[in-house]
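Contents: one structure, followed by commentary.
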Amino acid sequence: MEKIITKNEQATFDLGKKLGRQCVGGEVFMLVGDLGAGKTKLLQGLAVGLGVKDKVNSPTFNILKVYKIVSRARRLRTFCHIDAYRLNSGADLIALGVEEYFSSPETVTAVEWAEKVRDIWPKRARVVKIKALSEFARQLNIYK
Ligand code: ADP
Ligand code: MG
């Protein structure tokens, strides 16, 4: 487990960007953290690191949003952003076809409020726990 403390939103964004640059495809990030922890901020950086050109917003009212990745260097094609806040189990996500995203080598998937769908976490999921330490400090625990 890697423990990182960020002192402002830009640092969390930059960390996401670094994680995005390291992706090779097939990654599934499971984000756990309260409202305002910085899950979306981290994923906005991740998306930029992946090569997503569109602005990533909180998908709360969509549950799932798919973004195109523009990347010549890597085989990445899609970023799948999921917000599980209003869900009670993974069954709802299965119904939306997420397993196909989880297993695609050209896709990177990230789930906010991942604890709501704990029952369908793939074995290789990369768990990121985010906790607010103060108004601007956040602790991010990145597993694996
Ligand atoms: P979540 O998706 O977890 O609900 P957001 O990323 O939407 O959280 O919001 C995080 C909020 O916290 C933003 O308003 C952001 O400006 C603020 N913030 C303050 N410090 C940080 C930090 N170190 N990292 C991320 N966000 C921070
Ligand atoms: Mg969010």
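The values are calculated or read from the model by the stated rules, or taken from the named source; none is laboratory data. The structure presented is a predicted model; accordingly, all values stated were derived computationally and were not measured. Cβ sites come from the backbone with ideal geometry, for glycine too, and all protein chains shown count toward neighbours. Quick note on the areas: whole protein, heavy atoms, side chains included, nothing else; ligands and nucleic acids left out. Shrake-Rupley method; radii C 1.70, N 1.55, O 1.52, S 1.80 Å.
Okay, here's what the table says:
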{"read-out": "Cβ pairs under 6 Å, 6+ apart, first in the stretch 4-31 and in contact (Cβ under 8 Å) with a residue 60 or more places away in the chain, second basic (K, R) and surrounded by fewer than 20 Cβ atoms within 10 Å (Cβ to Cβ)", "value": "G25/R75; F29/R126"}
{"read-out": "Tally of residues being closer than 23 Å to V70 by Cα and either more than 9 Å from ligand 1 (Cβ to nearest atom) or open to solvent by 20 Å² or more (accessible area, probe 1.4 Å) (or both) across the stretch 31-51", "value": "10"}
{"read-out": "Any hit, the stretch 120-134, residues being hydroxyl-bearing (S, T, Y), over 25 Å from M1 (Cβ atoms) and surrounded by fewer than 19 Cβ atoms within 10 Å (Cβ to Cβ)", "value": "no"}
{"read-out": "Verdict on K116 being within 16 Å of ligand 2 (Cβ to nearest atom) and either without any contact (Cβ under 8 Å) to a residue 40 or more places away in the chain or polar (S, T, N, Q) (or both)", "value": "yes"}
{"read-out": "Residue that is nearest to ligand 2 (Cβ to nearest atom), among those in the stretch 60-88 that are touching a Lys or Arg at 6+ places or on another chain (Cβ under 6 Å) and either over 15 Å from V111 (Cβ atoms) or not in a loop (DSSP other than H, G, I, E, B) (or both)", "value": "H81"}
{"read-out": "Verdict on A114 being closer than 17 Å to G36 by Cα and open to solvent by less than 50 Å² (accessible area, probe 1.4 Å)", "value": "yes"}
{"read-out": "Selection status of V24, away from ligand 2 (no atom under 16 Å from the Cβ) and not in a helix (DSSP H, G or I)", "value": "yes"}
{"read-out": "Residue count, the stretch 70-101 (criterion: among the basic types (K, R) and within 16 Å of ligand 1 (Cβ to nearest atom))", "value": "1"}
{"read-out": "Residues located in the stretch 135-144, provided they are open to solvent by 60 Å² or more (accessible area, probe 1.4 Å) and of a type in the set (V, I, T)", "value": "none"}
